[in-house]
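What follows is a short report on a single structure.
The values are calculated or read from the model by the stated rules, or taken from the named source; none is laboratory data. If you're wondering where the values come from, they're calculated on a predicted model, not measured in any experiment. Cβ: placed from backbone, ideal geometry, glycine included. Neighbour counts: every protein chain shown.
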Amino acid sequence: MLNCPQVSPQRAREIVRDIAFASRPRGRFFVLLFTASMIASFGLIANSTAVIIGAMLVSPLMTPIFGAALGMLRGNPRMLARALWSELAGVILAVGAAYLVGIPQLTFGSATPEMLARTQPNLLDLFVAIFAGFAGAYALIDERVSPALPGVAIATAIVPPLSTCGLCLSIGAWSGARGAMLLFLANFVSILIVAMATFALGGLMRRRRYTARRVIGHFGPTLASFAVIAVILTNSLIRIGRDRALELSITQTLNDQLEGLRGADLEESVYRVTPNGVQVLATVRAHRTISPTWVTSIQQALEEAISDDVDLVVRTQRSRDVCALGSSLQVVHPDLDGVFLVPAPDDFAARESLASQVVREFFEDEPGFELTRIEYGKSPQGESVIVAYTDAIRRITQGEFDDLEADLQDRFDDNTLHLFVRVNSSRLRGRDGPILVEWTNVRIAGEENIARKKKLEIAIMDAVKNMSSSIPLRIHFNWSGQRWRALVELIGGEVFSPERVAELRNSLPDDMADEVEVLVWRRSDFIVSEDGISDYGTLVESDAPRSSESLRRLFRTTSSSPTVPPDDDQAESVANVEAAGG
């Protein structure tokens, strides 16, 4: 049974005097309340819980509620009127101050979680106010627990709902303003009722005979208001519970469906209930874009789970979780135990992860190499097959391929494993033109030999032009350790035999012929015009402005067609062309 301390007559007079004095509408009261409302407004906008707590501690709005409760309990109309006037004026001031903060609409752009939390009150908020009101009234009666009053002020949170109401009114969010004001009224009525009951148990009620009519007159309006608010908040709680159940069902179904898609993880889901069903946006992290077939399958599972039509959109965020070599762990959202690394869902996924790690480690120190994705499977004969898709600035040599396949066979303990590598090769280009990454190792030649290379290049170019009708495009140099190897890239119809290559080297000055090995790379893809011969790259570069304009006209014509709208690739190409060609 609750043991509420009975106060002495002297203590009762002190409590009544202190509450009556603090409930009067004085200048200090309004200054503190204005300050608290401004702090709460900026705290809500900044989504700062610490700042909002500071506003709760500054706010003096709880004392007039105690004054109203004491005035009703003791039958003191004067105290009741003063307390209610203070509370009403304080409410108007708090809402008005927040309204002024929000009028420019420059201080915040969208609702914050702290604001949203105060626009949708439910029955749980009513319970919080009930116990907070009891704690505050009990602390006033028992001097030994009076230091708990700051905690009571934080728990009741009277000013933040009023500030939220003012901010919502400033931007025309009427529904949010009504929800915030309802939360304040729930706090007000709950604290009022509980404070009256606590003061009565503590012996602050006047010694007089109470008839049923007098009790109804004292408590009836407040109890009726409490009942109405409780019904409203109960409906709100039921609605929130229904929405929560729908949210959990959607999230659980998405997670269950994504378990069958290796490397996919649900990042976030947002839903909206419409007259035509439920719209769901699921943000998923995965190694690759989720196909429409998977989206259709997940959508059907959602419709079965919630018994309603679903419009599902999956937004894929491409990601790759990289862990230590040989690890078959995958990353998931942390659970309540803090676990976020779990074993791969099946052996198939573990092997695919292992293959990815082995390939990445093999080319870890190789510049310009990137593993874009990897596929692991079984051939009809039951042999393991790995297909690696790579981006690289050079070709993978047969020796590297053999070593990588052997490494995979060793790690998988499977000598029948077959490796296939698809290389998307990109050429590097420097100030001297395209660079052959596999060939070029100029920097190890030393400063003296590098300085000599330029003279060799000029001499070889002159020798080719003098003895041949072919056109030299560029010369690629490679240092063999003793001398230069010069790979002459040229175009033209003339065929260079080994004898012609030897003749070309011997035509160099005597001091150069012995320090260079000449090789000829005859390119067959050349273009002949009335002005001579050239390669396609030179032709396009010389004609780039006109080509770019033609490309822009082509895509403008395509995009203006009412029957053939441009696809994403065309739109991206147009953007790239306009950015590059101006």
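Quick one: is I39 touching an Asp or Glu at 6+ places or on another chain (Cβ under 7 Å) and surrounded by 17 or more Cβ atoms within 10 Å (Cβ to Cβ)?
Spelling it out, it is not the case that I39 is touching an Asp or Glu at 6+ places or on another chain (Cβ under 7 Å) and surrounded by 17 or more Cβ atoms within 10 Å (Cβ to Cβ).
Consider E87 carefully, then state whether it is charged (D, E, K, R), touching a residue at least 12 places away in the same chain (Cβ under 8 Å) and over 15 Å from F184 (Cβ atoms).
no
Out of contact with any Pro (no Cβ under 7 Å at 6 or more places or on another chain) and surrounded by fewer than 19 Cβ atoms within 10 Å (Cβ to Cβ) - does that describe any residue in the range 118-125?
Yes, the range 118-125 contains a residue that is out of contact with any Pro (no Cβ under 7 Å at 6 or more places or on another chain) and surrounded by fewer than 19 Cβ atoms within 10 Å (Cβ to Cβ).
So which of E400, E438, E405 ends up being surrounded by fewer than 16 Cβ atoms within 10 Å (Cβ to Cβ) and either closer than 30 Å to R318 by Cα or assigned by TED's automatic domain parsing to the domain that holds A355 (or both)?
Being surrounded by fewer than 16 Cβ atoms within 10 Å (Cβ to Cβ) and either closer than 30 Å to R318 by Cα or assigned by TED's automatic domain parsing to the domain that holds A355 (or both) holds for just one of E400, E438, E405, which is E400.
Taking the criterion of being out of contact with any Gly (no Cβ under 8 Å at 6 or more places or on another chain) and at pLDDT below 85, would at least one residue in the range 294-312 satisfy it?
yes
Against the definition (of a type in the set (F, W, Y), touching a helix residue (DSSP H, G or I) at 6+ places or on another chain (Cβ under 8 Å) and in the same structural domain as R351 (by TED's automatic domain parsing)), how does Y389 come out, yes or no?
So Y389 fails the test.
Which members of the range 259-298 meet the condition of being buried (at least 18 other Cβ atoms within 10 Å of the Cβ) and assigned to a helix (DSSP H, G or I)?
Correct list: W294, I298.
How many residues does the range 112-152 hold that are under 26 Å from R178 (Cα atoms), among the β-branched types (V, I, T) and at pLDDT below 75?
Qualifying residue count for the region: 1.
Scanning for something under 39 Å from the mean Cα position of the chain (by Cα) and touching a residue at least 24 places away in the same chain (Cβ under 8 Å), does the range 445-461 turn up at least one residue?
no
Look through G67, G43, G54, G102 and report the one residue that is out of contact with any Ser or Thr (no Cβ under 6 Å at 6 or more places or on another chain), in contact (Cβ under 8 Å) with a residue 24 or more places away in the chain and either small (G, A, S) or not assigned by TED's automatic domain parsing to the domain that holds D18 (or both).
The match here is G43.
As an exercise: evaluate L204 against (1) of a type outside the set (D, E, K, R); (2) at pLDDT below 85; (3) surrounded by 21 or more Cβ atoms within 10 Å (Cβ to Cβ); (4) part of a helix (DSSP H, G or I) and give the number of the one condition it does not meet.
So L204 meets the others, but not (4).
Looking only at the range 370-389, filter to residues that are at pLDDT 85 or above and within 32 Å of the chain's Cα centre (by Cα); which one of those is surrounded by the most Cβ atoms within 10 Å (Cβ to Cβ)?
Restricting to residues being at pLDDT 85 or above and within 32 Å of the chain's Cα centre (by Cα), the top hit is A388.
Provide a single number: the residues in the range 11-50 that are under 23 Å from L185 (Cα atoms) and either in a helix (DSSP H, G or I) or small (G, A, S) (or both).
Matching residues across the range 11-50 total 22.
Is it the case, given these coordinates, that L73 is farther than 21 Å from A173 by Cβ, at pLDDT below 85 and in a helix (DSSP H, G or I)?
yes
Inspect the range 515-529 for any residue being surrounded by 11 or more Cβ atoms within 10 Å (Cβ to Cβ), assigned to a helix (DSSP H, G or I) and at pLDDT 70 or above and give the result as yes or no.
There is no residue in the range 515-529 that is surrounded by 11 or more Cβ atoms within 10 Å (Cβ to Cβ), assigned to a helix (DSSP H, G or I) and at pLDDT 70 or above.
On the basis of being among the hydrophobic types (A, V, I, L, M, F, W, C), within 35 Å of the chain's Cα centre (by Cα) and within 27 Å of M196 (Cβ to Cβ), does A55 make the cut?
It is true that A55 is among the hydrophobic types (A, V, I, L, M, F, W, C), within 35 Å of the chain's Cα centre (by Cα) and within 27 Å of M196 (Cβ to Cβ).
Would a scan of the range 344-363 turn up a residue that is modelled with pLDDT of 70 or more, outside any helix (DSSP H, G or I) and over 29 Å from the mean Cα position of the chain (by Cα)?
Checked against the condition, which is being modelled with pLDDT of 70 or more, outside any helix (DSSP H, G or I) and over 29 Å from the mean Cα position of the chain (by Cα), the range 344-363 yields at least one hit.
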